[in-house]
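In what follows, a structure is listed as structure tokens, so that the remarks can point back to it.
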Amino acid sequence: MNDLSVNGRTRRVDADPSTPLLYVLRDDLGLHAAKFGCGLGQCGACTVLIDDRPAFSCVVPVAACAGRAVTTVEGLGTAEAPGDVQRAFIHEQAAQCGYCIPGMIARAEAMLRRTTTPTEDEMRDAMRPSLCRCGTHMRILRAVRRAAVARGGGVIDAAEPVQ
Amino acid sequence: MPATVPVSSTQPVTKRFATRRRHLFGWALLALVAGLVLFLLWAHRPAIAEVAPPSRRAFDPADVARGRNLALVGNCVSCHQAPHGRPYAGGYGVVSPFGTIYGTNITPDPDTGIGRWSEAAFARSMREGVSRDGHHLYPAFPYDHYQRTTDADLRALYAFLMTRDPVRAEPRANDMPLPFKFRPFIAGWKLLFVRDERHRPDPRRSAEWNRGAYLGEGLAHCGGCHTPRGLLGAEKRDRAYDGGWSAGWYAPPMNARSPAVRAWTVERMEQYLRTGLSLSHAAAAGPMGAVAANLSRADPRDVRALSVYYAWWMRDAGAARREPRLIDRAAAAARAHPAGAALFAGACATCHEPGAPMMVEGRPALPLGSPLHEDHADDTVNIILHGLEPPVGRAGPYMPAYKDALTDAQVAAIVRYMRIRYGSGSEWPDLEDTVAKARERTAE
């Protein structure tokens, strides 16, 4: 039995300690935002926040999460009341198929918790581990710039202004 | 009145002593000042006059092409390019025990680069570690190696650099505390540690070996990382290639002490240097990644020569005599470190256990790499914290960074487990501390 803090609530899960966090989130807790992409920490679709930092939940064993705060996109807002990063992604219509987007949002959220005034390079470095096969990267970057502004900051040498 | 002034009979003698001591002190001070003046005169190097920035057409294209290859072999961009910066425009910080030294702008920008440097000024900097304006350069710029470069090769390098796009980038100020800030002291350092050395071919060895020695001891300056350094930061020449440190990474021994479990043959070394991956060892990690990325674009004959030379250095290593069977003490390691075993199973096994997609592709197994056999845990810890990008081509599977996913204690638990399961040598002490320091070092 493991106690797991997810989106501010303590959840009791019965899983082998080596089980990837992603499986516990999706299969045991019914949180389906984080996606299974490659299962090898290569694509970023499974990205969640652990103690405010981005992590590939497919290669983080649940045993590594004891006493740490896990946040998924479900913890950032709802369909009725989306959070600021989600609103920015909706505004920029950053999703094509949408499979990578929860990971992208988690990654953007982690960066914005660290700084709301990143440089363009810092932002791209922060987003780099997440892949999008549809090719909406330019819209995703626009959404992240917009989210930074919404949070009172902004990308300081932005490649294009927030419209 | 006379009663209140006790007159000691020794007073005149003390006075005389005091006078003599004052004189002595005066002479000593004078000698010190004179010594300092003489030292400064001796340490002084004249400026070499500026020249009008030469036009690109002034250089022979054959020289430029040869210079490009030499710059790749010399790994110049590793220090002369900042993260996200332009090539050769400087800005990378070399962290030393004496402070941080930033690579300078060596593009031909007339104001912030070397655009007004003559070939003679360039050659003097490479041979003697003296800037065009006469100030001594810190040995983070490895002129102790570069001095071996021939005149013709220096001309080619100069031609290559002077035909790059000029980049206006003010060099970043070094972060050195006071005693080291005083540049004339570097002249004293050179006197102690730099011998005037030109490359002398060894007639008993092949042309390829000699080419490898010329490049390896010279421009490629492999000893800069792989040879240990003394208290004042100079390479210990009597312990050449015994293993050293670079940017928080342990550069393993490249002589008979090599910890590799598979022999470094010429062919394996060549594959490693040209692709960043030896299928019998591991992928190039840390500062070696950039070395392989540059060598992958260099003249293959030169990479072959370097391989011949360093395979020769490692001819008496353990694996050169007998390659041990690969070990996998899974059960013993799990008994010793059950928490480490669970973390490994969830975080590492999907790529590193036999049958994992990456292993089926033919990537080397964990016990083949040097890190788990080294005297220091730093390389293993760095790879887990920061991951590993394929240095050449930047495509294909990469090792993700775990610094945000795992705590110091969790990384330490995995490392303890892996050392027993795949490695050799005794348990590494103070692992949590090593992890915390490795995390700190790259926090900026």
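Taken together, the values in this text are just the output of simple stated rules run on the coordinates, not laboratory data. What you are looking at is a predicted structure, and each value in this text was computed from that prediction instead of being measured. Cβ: placed from backbone, ideal geometry, glycine included. Neighbour counts: every protein chain shown.
Values for this structure:
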read-out	value
The stretch A:29-96 - Kirkwood radius from inverse mean 1/r over Cα pairs (Å)	13.1 Å
Neighbour-count ranking [beta-carbon atoms within 10 angstrom, fewest first] of B:209, B:249	B:209, B:249
Relative contact order (%) - chain B, alpha-carbon pairs under 8 angstrom, separation at least six	12 percent
Binned Cα-Cα distances of the stretch A:84-150, short to long, each 10 Å bin given as a whole percent	24, 62, 14
Averaged over B:339-347, number of beta-carbon atoms from partner chains that fall within 10 Å	6
Radius ratio Rg over Rh of the protein assembly as shown, counting only Cα atoms, Kirkwood formula for Rh	1.07
Of the trypsin sites (Lys or Arg not before Pro) in the stretch B:206-295, those whose Cβ has at most 16 other Cβ within 10 Å and which sit in DSSP loop	B:236, B:257
Pairwise label distance in nanometres, residue B:133 with residue B:359, each label 7 Å out on the Cα-Cβ vector	5.9 nm
In chain B, lysine pairs with alpha-carbon atoms under 25 angstrom apart (chain gap of 8 or more, or interchain)	4
Selected from B:273, B:174, B:431, residue furthest toward positive end of dipole (the protein assembly as shown; charges at beta carbon)	B:174
Stretchable slack from residue A:2 to residue A:117, in nm (0.36 nm times residue separation minus alpha-carbon distance)	37.7 nm
GNM flexibility winner over chain B from B:332, B:285, B:169 (Cα, springs under 10 Å)	B:332
Taking the stretch B:330-440 and dividing mean pair separation by its residue count, relative contact order in percent (alpha carbons under 8 Å, at least six apart)	34 percent
Distance in nm between pseudo-label sites at residue B:437 and residue B:168 (7 Å out along the Cβ direction from Cα)	4.4 nm
Cα-based shape type of the stretch B:124-174, given that a ≥ b ≥ c are square roots of the gyration tensor eigenvalues and the cut on a/c is 1.5	oblate
Highest-fluctuation residue, B:288, B:162, B:176 considered, GNM on chain B with Cα pairs under 10 Å	B:176
Order of A:115, B:227 - criterion: other Cβ atoms within 10 Å of each residue's Cβ, fewest first	A:115, B:227
Cα-based convex hull volume of the stretch B:142-298 per residue, rounded to whole Å³	169 Å³
Most mobile of A:125, A:51, A:84 in a GNM of chain A (Cα contacts under 10 Å)	A:125
Inter-chain shielding of A:58-69 (mean C-beta neighbours from other protein chains, 10 Å cut-off)	5
Number of partner chain Cβ atoms within 10 Å, mean per residue of A:43-54	1
Gained length - residue B:335 relative to residue B:96, 0.36 nm times residue gap less alpha-carbon distance	82.0 nm
Estimated inter-spin distance, residue B:118 and residue B:427, nm [label 7 Å along Cα→Cβ]	6.5 nm
Selection from B:199, B:64, B:159, by position along the positive dipole direction of the protein assembly as shown (Cβ)	B:199
Sequence of B:221, A:137 once ranked by neighbouring C-beta atoms within 10 Å, starting from the fewest	A:137, B:221
Axial C-alpha extent at least 27 Å, average Kyte-Doolittle at least 0.5 - helices from chain B (DSSP)	B:11-43
Cut-off 11 Å between beta-carbons: net charge of the residues surrounding residue B:301, Lys and Arg +1, Asp and Glu -1	-2
Anisotropy class of chain B from Cα gyration tensor, a/c 1.5 cut	oblate
Global size of the stretch B:56-193 as Cα Rg and Dmax, reported in angstrom	14.6, 45
FRET efficiency for residue B:205 and residue A:96, using Cβ-Cβ distance with R0 set to 60 Å, rounded to 0.05	0.50
Estimated FRET transfer efficiency (residue A:52, residue B:19; beta-carbon r; R0 51 Å; 0.05)	0.10
Filtered GluC sites (Glu not before Pro), the stretch B:161-258: DSSP coil and at most 15 other beta carbons within 10 Å	B:197
